[in-house]
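For reference, the structure discussed in these notes is given below.
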Number of protein chains: 2
Amino acid sequence: MGKEITSRAQDYSQWYNDLVLKGSLADYSAVRGCMVIKPYGYALWENMRDVLDKMFKDTGHVNAYFPLFVPKSLFEAEEKNAEGFAKECAVVTHYRLKADPANKGKLMVDPEAKLEEELVVRPTSEAIIWNTYKGWIQSYRDLPLLINQWANVVRWEMRTRLFLRTAEFLWQEGHTAHATKEEAITETEKMLDVYADFVENYMALPVIKGVKTPNERFAGAEDTYCIEALMQDGKALQAGTSHFLGQNFAKAFDVKFSDKNNKLDYVWATSWGVSTRLIGALVMAHSDDDGLVLPPKIAPLQVVIVPIYKGDEQKAMIDAKAGEIVKRLKQAGVSVKYDDNDNNRPGWKFAEYELKGVPVRIALGARDLENNMAEVARRDTKEKMSVSLDGLAERVVDLLDEIQLNIYNRAKSFRDDNTHEANTWDEFVQLLDGRGGFIAAHWDGTPETEDKIKELTKATIRCIPLNNKLEEGKCILTGNSSSQRVLFARAY
Amino acid sequence: MGKEITSRAQDYSQWYNDLVLKGSLADYSAVRGCMVIKPYGYALWENMRDVLDKMFKDTGHVNAYFPLFVPKSLFEAEEKNAEGFAKECAVVTHYRLKADPANKGKLMVDPEAKLEEELVVRPTSEAIIWNTYKGWIQSYRDLPLLINQWANVVRWEMRTRLFLRTAEFLWQEGHTAHATKEEAITETEKMLDVYADFVENYMALPVIKGVKTPNERFAGAEDTYCIEALMQDGKALQAGTSHFLGQNFAKAFDVKFSDKNNKLDYVWATSWGVSTRLIGALVMAHSDDDGLVLPPKIAPLQVVIVPIYKGDEQKAMIDAKAGEIVKRLKQAGVSVKYDDNDNNRPGWKFAEYELKGVPVRIALGARDLENNMAEVARRDTKEKMSVSLDGLAERVVDLLDEIQLNIYNRAKSFRDDNTHEANTWDEFVQLLDGRGGFIAAHWDGTPETEDKIKELTKATIRCIPLNNKLEEGKCILTGNSSSQRVLFARAY
């Protein structure tokens, strides 16, 4: 009676799309590769944003807003960055439409309103921001500059997927400026820790912290740190990146500062970002064949109460009791909805809230009330329990914590069960084509080998884990010597 | 010793720019007509946004996010709307850059990556949203749809001014869908009331609620409601608009619903928005020749504490006492900063925080401490008072309320003192060229007369006030009969 969801076993990719669309997170739009984030999906993003925003502010950052457009001449100033993004840039070339003389009621681009210099719709904002920082930084007293921006960006992708890869997406991008290399590296690492903290403790998704190989670095970075998560189909997903940019952008935009001894030097930079892509990770990591499973700490709605009754008299009694429960839950800081819409039957509602991943459902029936009880169902395990109405709010608050922890532990067990070492090429390929997951294997350290492995298997080096164990070994492809294992996976 | 600010008397327009730039609200950018909103300005916007967002949610609205781009064919579907915005549209025509063979290290637009259909960067989102609503609305059960979006929009303006008129700006746009005309009109009026409540009670700026003449309506609306405020130079500023869109967009995008009797009808629509332009209004309405004057309820920083000392011993004593005060103020929900940066002298800090409009400044000197007193200065009146450290926090909390009220009352007196009736053309022109302000005058109700008055005087009809008094009279320009006065002003 609910909406049809394709099972994971049947078609994982379709299952994902079904959840996003039927779970009311997002919708396709009339614009190629762009999605509409629906109210339920946006409420989830707001909760994620609010937690992250507080974390950024608690670590000394402030928000600002920089232009959507980057003049081409600025965009191309940092060559590697420009080269990395040039192929996916939406470009504004004109600033006016006019009536189309050949088509009544239609418009055309006015050829007389051609821009002297084309404007790139920001795919990332290093260029426009470092061009601005040039005017803001003169002395060491102006440093550090710890600025974050919440914004939309556009990267023209050929194959798009809701949340995971869309032409336009929402994100935050931190851009910091420092007097020393050490301080910039510390910042890069600190923000990686903030991301890991957020993804693990709010999204209930365990991550591996590491650094990217030169091949996989952000265009223009000296070093890219990342957090990598594992999805239920055994593919990895990069959940956030933090870049040490060295002095590359300072040099490209000529941003120098005078230090305490009046010596001029280029400023050191970092940038770091997470995006609405995280919602895709959330869906794929925790959900099941009945719908979304959302971690209580970021769920738009934590508890739903559904009345089960016959006739107005029973309804009135349940309404009164539900009102009390709602009040007590709200006082305890829980977001709760009493759904007494009589257009839909309880069974339909149960399926709908399961689909939407509401962590706790309370069913209130007339007989339950007589016994001073309610039926409480948790979304993660689908377990149902009978709970006394006395102390129900306290029990629900505890239960939300249990669910948060259980979702995390389940994802962690899955990740651990699907992380393997491979010591030969055959083992490596067998693992990849079997369960997938993270594969720790030796690599000879050359970009050529990395490219070859990707070409042969579609697996990429997700990262070199931080605090990796040093261990002599032989590259799984070339047999050349290697001093540590790196983490491979097929990835989103 | 502070930063030089042009006085209002000397050059009002330059005074405004000085405040915005030197008060660290915003900066110019490398992109024509686009500004950078600096951290202090953005913190102000965040406070405004948070209050508004709560008001929207309290009135049943939810947030969502729609694409930045509008395909040209959708954009032109509602003809009046399209015609109204066509002249100021940034248009994306290509989706890729490539290396420029003629200029090493430079990029060029790749002519092979021309879009089949051009994309308009949204100047407003009715088109893309109503095209989406078509898929979301079938029955009266899907209505009302009460959705708001926080977003950036682009309107290619030829003459731009920081905050007041920029090519890109930040705003919110509500887009609602209703089953009946009456309900849509009620929504339009409700949101106008929300705006008036916000602008008056948080921004401390009195407004006049009214409806626009057909000439001044939003392109595509049946009726545009507005709130109008008066700036210190006697010019008016439209602070927010709420549009009753009738069935225009439903018809353009074929959005029908079946009512309870299974009869199909077009959906009724509203849209409403306020933008970062409000920050410009805030600056121009309240500030003085020493800098910004910010209403406590939305000021990024409400209280600053400046220590005045000689030597480490005094400093240590003041630090300890300041720590207590900060703690108590924070407990009372006040945002406060203790500025003990010893790179700057107290006098420099006083000027800097005056420039930035921090509502309350507390100076803590060694002698004050001996007497268990502090010097408290309020930004609005520049009054200084000696306050006992016992109960200082309570006094400051009260003072913030007093300042909020005083700023509002001052702006209201100014507005009332600068609102006049004109009964003849000469009176009208004299008032306009004199003190300016709002002028209530009779108008014959024709667009031709309205245009002629604008052409002759640059004054426009700001609105026909709601609940306007009916009164027989003669049009100031034509002498034709009129049944009510309307409100004229020169405007931003």
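Does the stretch B:221-233 include one or more residues that are surrounded by 18 or more Cβ atoms within 10 Å (Cβ to Cβ) and free of Cβ contacts under 8 Å to residues at least 24 places away in the same chain? Taking every residue of the stretch B:221-233 in turn, at least one turns out to be surrounded by 18 or more Cβ atoms within 10 Å (Cβ to Cβ) and free of Cβ contacts under 8 Å to residues at least 24 places away in the same chain. Among the strands (runs of 3 or more DSSP E) confined to the stretch B:404-468, the ones with at least 3 residues that are of a type outside the set (D, E, K, R) are located at B:438-442, B:460-465.
Consider residue B:456 carefully, then state whether it is of a type in the set (A, V, I, L, M, F, W, C) and within 28 Å of the chain's Cα centre (by Cα).
no
Taking the stretch A:373-390 as the range and being part of a loop (DSSP other than H, G, I, E, B) and within 17 Å of residue A:329 (Cα to Cα) as the test, the residues that pass are A:389, A:390.
Does residue A:159 qualify as being more than 10 Å from chain B (Cβ to nearest Cβ), surrounded by fewer than 18 Cβ atoms within 10 Å (Cβ to Cβ) and at pLDDT below 95? Spelling it out, residue A:159 is indeed more than 10 Å from chain B (Cβ to nearest Cβ), surrounded by fewer than 18 Cβ atoms within 10 Å (Cβ to Cβ) and at pLDDT below 95. Candidates B:181, B:134, B:104: the one that is more than 29 Å from residue B:33 (Cβ to Cβ) and more than 12 Å from chain A (Cβ to nearest Cβ) is B:181. Does residue B:209 count as under 21 Å from residue B:276 (Cα atoms) and either surrounded by fewer than 20 Cβ atoms within 10 Å (Cβ to Cβ) or among the small types (Gly, Ala, Ser) (or both)? So residue B:209 fits the description; yes.
Taking the criterion of being touching a residue at least 12 places away in the same chain (Cβ under 8 Å), farther than 30 Å from residue A:43 by Cβ and either in a strand (DSSP E or B) or of a type in the set (Lys, Arg) (or both), the residues of the stretch B:88-102 that qualify are B:91, B:93, B:94, B:96, B:97, B:98.
Among the residues of the stretch B:469-487, those that are in a strand (DSSP E or B) and within 16 Å of residue B:447 (Cβ to Cβ) comprise B:482, B:486.
Taking the stretch B:377-436 only, how many residues are under 17 Å from residue B:229 (Cβ atoms), surrounded by fewer than 18 Cβ atoms within 10 Å (Cβ to Cβ) and out of contact with any strand residue (DSSP E or B) (no Cβ under 7 Å at 6 or more places or on another chain)? Of the residues in that region, 7 qualify. On the given criteria, is residue A:239 free of Cβ contacts under 8 Å to residues at least 60 places away in the same chain and of a type in the set (A, V, I, L, M)? So residue A:239 passes the test.
Criterion applied to B:233, B:254, B:265 was being outside any helix (DSSP H, G or I) and touching a Phe, Trp or Tyr at 6+ places or on another chain (Cβ under 6 Å), and the one residue passing it is B:233.
Yes/no per residue for (1) under 15 Å from the mean Cα position of the chain (by Cα); (2) of a type in the set (S, T, N, Q):
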site: A:179; (1), (2): no, no
site: A:192; (1), (2): yes, no
site: A:224; (1), (2): no, yes
site: A:231; (1), (2): yes, no
site: A:238; (1), (2): yes, yes
site: A:246; (1), (2): no, no
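Restricting the first member to the stretch B:420-439 and to residues that are outside the structural domain of residue B:454 (by TED's automatic domain parsing) and at pLDDT 95 or above, and the second to residues that are among the basic types (Lys, Arg) and part of a helix (DSSP H, G or I), no beta-carbon pair is closer than 9 Å while six or more apart or on different chains. Name the residue that is nearest to the chain's Cα centre (by Cα), counting only residues in the stretch B:46-72 that are part of a helix (DSSP H, G or I) and within 8 Å of chain A (Cβ to nearest Cβ). This residue is B:46. Residues that are of a type in the set (S, T, N, Q) and facing chain B (nearest Cβ under 7 Å) within the stretch A:73-93 comprise just one, A:93. Test residue B:451 against the stated conditions and say whether it is under 22 Å from residue B:280 (Cα atoms) and of a type in the set (Asp, Glu). It is false that residue B:451 is under 22 Å from residue B:280 (Cα atoms) and of a type in the set (Asp, Glu).
With respect to the conditions (1) outside any loop (DSSP other than H, G, I, E, B); (2) acidic (Asp, Glu); (3) surrounded by fewer than 19 Cβ atoms within 10 Å (Cβ to Cβ), residue B:340 lacks only one, and its number is (1).
Taken as a whole, the stretch A:391-399 holds at least one residue that is on the phi > 0 side of the Ramachandran plot and not in a strand (DSSP E or B). Can you confirm whether residue B:113 is of a type in the set (Gly, Ala, Ser), in the same structural domain as residue B:26 (by TED's automatic domain parsing), at pLDDT 95 or above and under 28 Å from the mean Cα position of the chain (by Cα)? Against the criterion (of a type in the set (Gly, Ala, Ser), in the same structural domain as residue B:26 (by TED's automatic domain parsing), at pLDDT 95 or above and under 28 Å from the mean Cα position of the chain (by Cα)), residue B:113 does not qualify. One residue stands out in the stretch A:107-131 among those that are in a loop (DSSP other than H, G, I, E, B) and of a type outside the set (Val, Ile, Thr): the one that is nearest to the other protein chains (Cβ to nearest Cβ), namely A:110.
The values are calculated or read from the model by the stated rules, or taken from the named source; none is laboratory data. Please read all numbers here as calculations on a predicted model, not as lab measurements. Note that we place each Cβ from the backbone using ideal geometry, even for glycine, and neighbour counts take in every protein chain shown.
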